[in-house]
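Enquirer: Quick one: the structure is below, and I'll ask about it shortly.
The values are calculated or read from the model by the stated rules, or taken from the named source; none is laboratory data. These numbers come from a predicted model, not from an experiment. Using ideal geometry, Cβ is built from the backbone for each residue, glycine included, and neighbour counts are taken over all protein chains shown. All accessible areas refer to the heavy atoms of the entire protein, side chains included, with ligands and DNA or RNA removed. Shrake-Rupley method; radii C 1.70, N 1.55, O 1.52, S 1.80 Å.
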Amino acid sequence: MILSPMRYKDYSWPHNPRVYSIDYRRTMAVHNSPFSGYQLQDLGAAHRVMEGEGEFVGPGAYDEFQRLACVFYSRGPGLLVHPLWQLANTYFVSLRVEQAPRPNYVRYSFAFWEENSLYNSLATRVLPVLQSGGGQDRSPARPAYHRVVKGDTLWALARRYGLSLAELVALNPQIKNPNLIRVGEEVRVG
């Protein structure tokens, strides 16, 4: 199975990190009651934490790590496209060198924290347009579709049709994993 490369903002990993983990968190409160123990209160889902480890190997390994570090220093959240996780708007919260780097080998770890405004902003921008049938023109328009061929990716289709990846994903709720589209599948592009 060939996985698409992991991407964050404008950086694409030359090869995917070798270790991934995702931590789903829930905020809980404990209320102690005299003589009757305690009560747990579910305060809802908290942010997801996506962590991993990887290596850059070969000539220019340290240069590649420096490019990744530059992405870490860019401010604000960005879209994390992971080969196995669902698309997420995240903050790049940690990047760590795991051993003394050499010119041809760097082992590192990273963490991203999910920021939930991606879903809210998509709903605010895309859903009213879909419900109203478009911008100023209220005449019914037929949605445009692209039939997936070998080599297509959602990332490339978004660029081809002038959409952001988040907009393309919002137009296609049937796609559960944006890194996995099948030949012959129809993707809505407008």
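Enquirer: For residues in segment 137-166 being open to solvent by 40 Å² or more (accessible area, probe 1.4 Å) and in contact with a Lys or Arg (Cβ under 8 Å, 6 or more places away or on another chain), which is nearest to Tyr11 (Cα to Cα)?
Expert: Taking segment 137-166 first, the residues open to solvent by 40 Å² or more (accessible area, probe 1.4 Å) are 137-145, 147, 149-151, 153, 155-156, 159-164.
Checking which are in contact with a Lys or Arg (Cβ under 8 Å, 6 or more places away or on another chain) leaves us with 143-145, 155.
Details: Pro143: 31, Ala144: 29, Tyr145: 28, Trp155: 13 Å.
My answer is Trp155.
Enquirer: Go through the residues of segment 31-46 one by one and say whether even a single one is closer than 30 Å to Ser164 by Cβ and either among the charged types (D, E, K, R) or exposed (fewer than 11 other Cβ atoms within 10 Å of the Cβ) (or both).
Expert: Looking through segment 31-46, at least one residue is closer than 30 Å to Ser164 by Cβ and either among the charged types (D, E, K, R) or exposed (fewer than 11 other Cβ atoms within 10 Å of the Cβ) (or both).
Enquirer: Also, quick follow-up: Against the definition (of a type in the set (A, V, I, L, M), out of contact with any Cys (no Cβ under 8 Å at 6 or more places or on another chain) and surrounded by 14 or more Cβ atoms within 10 Å (Cβ to Cβ)), how does Ala100 come out, yes or no? First the steps, then the outcome.
Expert: Details: of a type in the set (A, V, I, L, M): yes; out of contact with any Cys (no Cβ under 8 Å at 6 or more places or on another chain): yes; surrounded by 14 or more Cβ atoms within 10 Å (Cβ to Cβ): no.
In short, no.
Enquirer: Can you tell me which residue within segment 171-185, out of those that are open to solvent by less than 40 Å² (accessible area, probe 1.4 Å) and over 13 Å from the mean Cα position of the chain (by Cα), is farthest from His82 (Cα to Cα)?
Expert: Gly184
Enquirer: Please work out if Gly76 is at pLDDT 85 or above, small (Gly, Ala, Ser) and either assigned to a strand (DSSP E or B) or in contact with a Ser or Thr (Cβ under 6 Å, 6 or more places away or on another chain) (or both). First the steps, then the outcome.
Expert: Details: at pLDDT 85 or above: yes; small (Gly, Ala, Ser): yes; either assigned to a strand (DSSP E or B) or in contact with a Ser or Thr (Cβ under 6 Å, 6 or more places away or on another chain) (or both): no.
So Gly76 fails the test.
Enquirer: How about segment 1-30: which of its residues are among the charged types (D, E, K, R), surrounded by 10 or more Cβ atoms within 10 Å (Cβ to Cβ) and more than 19 Å from Thr153 (Cβ to Cβ)?
Expert: Across segment 1-30, the qualifying residues are Arg18, Asp23, Arg25.
Enquirer: Could you tell me whether any residue of segment 138-154 is assigned to a strand (DSSP E or B), closer than 30 Å to Gly58 by Cβ and modelled with pLDDT of 85 or more? Even if it seems obvious, please write down each step before you answer.
Expert: Filtering segment 138-154 down to residues assigned to a strand (DSSP E or B) leaves 145-147.
Subset that is closer than 30 Å to Gly58 by Cβ: none.
Within segment 138-154, not a single residue is assigned to a strand (DSSP E or B), closer than 30 Å to Gly58 by Cβ and modelled with pLDDT of 85 or more.
Enquirer: Let me ask another. Test Asn32 against the criterion of being in contact with a helix residue (DSSP H, G or I) (Cβ under 6 Å, 6 or more places away or on another chain), modelled with pLDDT under 90 and part of a strand (DSSP E or B), and give yes or no.
Expert: no
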